[in-house]
């Protein structure tokens, strides 16, 4: 039994470290309420991004570090490619906030504190 205790403690430590490594952390200079969690399916795992006054969902996408391509028109910004994955006439990048698709574009949506934003590549 005594030989199993160190093994069980080692296993527990590995599990705790794995959980901590996979959990997004708040940057040290940002208050917990001034953050947004952003992920890009197939491109970027969930990460915590500081929410600055006036930020839009598109601003946060640009600050995520992902390679983002877009076009602009009278209707606003249209994300054409993220991480080298480009949409076409039968697919596009869409964003969701707290599991819901906003009724405005990413350059018009103002996230709130602690929102969870997920970008998904959708095929029609």
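A short reminder: the numbers here are calculations on the coordinates, not readings from a lab. What you are looking at is a predicted structure, and each value in this text was computed from that prediction instead of being measured. Positions of Cβ are backbone-derived with ideal geometry, glycine not excepted, and every protein chain shown enters the neighbour counts.
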* If you rank 85, 117 by fewest surrounding Cβ atoms within 10 Å, what's the result? -> 85, 117
* To do: Give the Cα extents of the stretch 26-123 along the principal axes, in whole Å, largest first.
  => 41, 28, 22
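Please report the relative contact order for the stretch 26-123, taking Cα pairs under 8 Å with a sequence separation of at least 6, and give it as a percent rounded to a whole number.
Details: 181 pairs, mean separation 32.4, N = 98.
It rounds to 33 percent for the stretch 26-123.
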